[in-house]
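Chemist: After the structure tokens below, expect a handful of questions from me.
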Amino acid sequence: MTKVERITNTLQETRQRRETQKPTVYELKLQNLSRRKAEVLRKAFLEAKWLYNWLVSDTERLSIPANKVSAVEVKAGDSYEQRELTVLGSQIKQEIADRLKDNLLALGKLKKNGRKVGALKCKRFVNSIPLKQYGVTYNLDFSQNRVRIQKLGKFRVLGLHQIPADAEIANAVLLRKPNGYYLHVTCYLPKDSRTSPNPVDKDIGIDFGVGSKLTLSNGIRIDFEVHETPRLKQLQRKLAGTQKGSRNREKIQFLLRKEYEKLNNRRKDAQNKVLAFLKIYRKVVFQDDCVKGWSGLFGRQVHSSGIGGLKSRLRTSLETPVAVERTEATTKECFACGKRRELSLWDRVIECECGWKCDRDVNAALVILRKGLGLGVEQAVGLDRPELKPPEREAAARILGSNPYIRVSFPQ
């Protein structure tokens, strides 16, 4: 069997194996960096920028094997200087070139579909380096909590305990953030593997909103917002008074990126807590609302919560998510009889001629649950009497109560 045939068979086996697996990304932080190792990482990202800009400036250079490139031309002022690539490994160089080729192919497809696209430009900085092949480009040592990166050396990492023993480790990305260096490792786990059984054996419906970000069909309301900090506003005022191209401006921009990262981490932590709470249910039903359209009326409330990101993560983070089409009129429909009524934003209670009286958001969550389960009005008997079980209260207090930015209210 030739080398090409072996590669082809390996790829086919991998595709078949991926059909029974699900991808999961684990974040590891590089810690206890000495001055020498921090300088090596800084230079690696600098050389990655040099190589990327050298390839972008003339795409004909993509025909040259990038792993053979040892020096590139870098613009310094009005002239060009020859800089050697001493830190990047050969496979990392090739992966940077392959990433650029993928970007060009994506732009070509968009242009073919009638979209207006521009040319790729040189970057001021590169914050990610692809590590494509596990065992060659990088390797993990679980016994010593270390990662070895090609030609960069070994680094101590925090978070290796997250990766389960049955995980198949694939590619990774080395990231540079304002508060340190991180490694995002992609692993594949069996689809039927469950970490723990659902403690609550029932289905739940979710209605997204602005006042209460999530209203569940059992009456629980979850609200979370992370507003801009006074320090962020102070840094923005300082940035407005700096001169473009000055070192002081670059310093304040770095501090701004660091502050924005803190806000994003807080919003992401709130999303993770909500998703962890929803995992206790057997099936989660939600409506695919256009959250982006809410920004015109409620911009600050929508942006500070990150509810759009939470909605997009529901499909991938939960075991059995069910989405209802956004065209379904769930808010104006009576849960008991199915009759549609005209409601304004100020009508918070729905009252129907059939005798049904319910809170507007809870009624919408019940309608979403009924439609997501494919039940008619006559078949949804008992869904209007959801009992809040003790495991739900305990999980809400334990999971959601650990985040200071999340507010939970239970039905009276």
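Chemist: Can you give me the Cα centroid spacing of segment 146-193 and segment 98-129 in angstrom?
Modeler: Their Cα centres are 26 Å away from one another.
Chemist: Bin by bin, in steps of 10 Å, what percent of the Cα pairs in segment 252-327 do you find, going until the bin that has the longest distance?
Modeler: Cα pair-distance distribution for segment 252-327, in percent: 17, 40, 32, 9, 2.
Chemist: Let me know the charge dipole size of segment 224-271 about its Cα centre in debye, to the nearest 20, where only the beta-carbon of Lys, Arg (+1) and Asp, Glu (-1) is charged.
Modeler: That gives a dipole near 280 debye.
Chemist: Then there's this: So what's the convex hull volume per residue for the Cα atoms of segment 44-125, in Å³?
Modeler: 97
Chemist: Positive end of the dipole of the chain, charges at C-beta (+1 Lys, Arg; -1 Asp, Glu), about the Cα centre: which of 368, 346, 66 has its Cα farthest in that direction?
Modeler: 66
Chemist: Counting Lys +1, Arg +1, Asp -1, Glu -1, what net charge surrounds residue 234 among other residues with beta carbon under 13 Å of its beta carbon? Intermediate results must be reported in sequence, preceding the final value.
Modeler: Working: positive: 231, 233, 237, 238; negative: 228, 259.
Net of charged neighbours comes to +2.
Chemist: Also, I was wondering about something else. Give the label of the value calculated from the structure for volume of the Cα convex hull per residue in Å³, choosing from [x] 258; [y] 217; [z] 180.
Modeler: Here the calculated entry is [y].
Chemist: At 1.4 Å probe radius, can you tell me the per residue accessible area of the chain in Å²? Please report the intermediate quantities before stating the final value.
Modeler: On the way: 24030 Å² over 412 residues.
Heavy-atom SASA per residue in the chain reads 58 Å².
Chemist: Moving on to the next point. Which are the unpartnered cysteines of the chain, meaning those with no other cysteine Cβ under 4.7 Å from their Cβ?
Modeler: Within the chain, the cysteines lacking a partner Cβ under 4.7 Å are 122, 187, 290, 358.
Chemist: What residue among 189, 263, 343 shows peak mean-square fluctuation when the chain is described by a Gaussian network model with Cα springs under 10 Å?
Modeler: Residue with maximal mean-square fluctuation among 189, 263, 343: 343.
Chemist: Remind me, relative contact order of the chain in percent, using alpha carbon pairs under 8 angstrom and six or more residues apart?
Modeler: 15
Chemist: Round to a whole number: what % of the accessible area of the chain belongs to carbon and sulfur, probe 1.4 Å?
Modeler: 50
Chemist: Further question on the same structure: For segment 236-294, report the convex hull volume of the alpha-carbon atoms normalised per residue, in Å³, without decimals. Before the final figure, lay out the partial values.
Modeler: Details: hull volume 7.2 nm³, N = 59.
Expressed per residue, the convex hull around the Cα atoms of segment 236-294 is 123 Å³.
Chemist: Filter 29/371; 75/116; 311/389; 151/258; 3/37 down to the pairs with a C-alpha to C-alpha distance above 32 Å, please. Present the calculation step by step, with values, prior to reporting the outcome.
Modeler: On the way: 29/371 43 Å; 75/116 29 Å; 311/389 25 Å; 151/258 29 Å; 3/37 37 Å.
Where the Cα-Cα span goes over 32 Å, the pairs concerned are 29/371; 3/37.
Chemist: If I model a spin label at residue 402 and residue 78 as a point 7 Å from the Cα along the Cα→Cβ vector, what separation in nanometres do I get?
Modeler: It is 6.0 nm.
Chemist: Residue 312 to residue 71: FRET efficiency via 1/(1 + (r/R0)^6), r the Cβ-Cβ distance, R0 45 Å, to the nearest 0.05?
Modeler: That pair, residue 312 with residue 71, gives E of 0.55.
Chemist: Here's a follow-up. Suppose each label sits 7 Å from its Cα in the direction of the beta carbon; what would the residue 165-residue 116 distance come out to in nanometres?
Modeler: Reported label-point gap for residue 165 and residue 116 is 5.8 nm.
Chemist: Now for a separate question. Who wins for biggest fluctuation among 224, 142, 286 in a Gaussian network model of the chain, springs between alpha carbons below 10 Å?
Modeler: The residue with the greatest mean-square fluctuation here is 142.
Chemist: Return the single residue from 369, 400, 100 with maximal mean-square fluctuation; model: Gaussian network over the chain, springs between Cα atoms under 10 Å.
Modeler: 100
Chemist: Further question: Loop only per DSSP, at most 10 neighbouring Cβ atoms within 10 Å: give me the trypsin sites (Lys or Arg not before Pro) in segment 204-306, ordered by residue number.
Modeler: Taking segment 204-306 and a limit of 10 other Cβ atoms within 10 Å, the loop trypsin sites (Lys or Arg not before Pro) found are 244.
Chemist: If you take the beta carbon distance between residue 257 and residue 141 as r and set R0 to 45 Å, what does 1/(1 + (r/R0)^6) give as a FRET efficiency, to the nearest 0.05?
Modeler: Details: r = 31 Å, r/R0 = 0.69.
Efficiency for this residue pair is about 0.90.
Chemist: What is segment 289-346's relative contact order, in percent, from Cα pairs under 8 angstrom and six or more apart in sequence?
Modeler: Reported relative contact order: 22 percent.
Chemist: Another question, if that's okay. Are there trypsin sites (Lys or Arg not before Pro) in segment 35-126 that DSSP puts in a loop and that have at most 16 other Cβ atoms within 10 Å, and which ones?
Modeler: 115, 116, 121, 123, 124
Chemist: Counting pairs of Cα atoms in segment 143-280, how many percent are more than 26 Å apart?
Modeler: Summing the P(r) of segment 143-280 above 26 Å gives 53 percent of all pairs.
Chemist: Given the rule -39500 (n - 2.57) for each run of at least 4 DSSP H residues, summed and divided by the residues of the chain, what is its mean residue ellipticity at 222 nm, to the nearest 500 deg cm²/dmol?
Modeler: That comes out to -12000 deg cm²/dmol.
Chemist: For a quick check of understanding: with a 1.4 angstrom probe and all protein chains in place, what accessible area in square angstrom does residue 182 have, to the nearest ten?
Modeler: 20
Chemist: Still on this structure: Could you give P(r) for segment 266-412, binned at 5 Å from zero, as whole percent values over all Cα-Cα pairs?
Modeler: Bins of 5 Å from zero give 2, 8, 15, 19, 22, 19, 12, 4, 0 percent of pairs.
Chemist: Note down the net charge around residue 142, summing +1 for each Lys or Arg and -1 for each Asp or Glu among other residues with Cβ under 13 Å from its Cβ.
Modeler: Net of charged neighbours comes to +2.
The values are calculated or read from the model by the stated rules, or taken from the named source; none is laboratory data. A quick note: this is a predicted structure, and the numbers were derived from the prediction, not measured. When we count neighbours, we look across all protein chains shown, and the Cβ atoms used for this are built from the backbone with ideal geometry, even at glycine. These area figures cover heavy atoms from the full protein model, side chains too; ligands, DNA and RNA do not enter into them. Shrake-Rupley method; radii C 1.70, N 1.55, O 1.52, S 1.80 Å.
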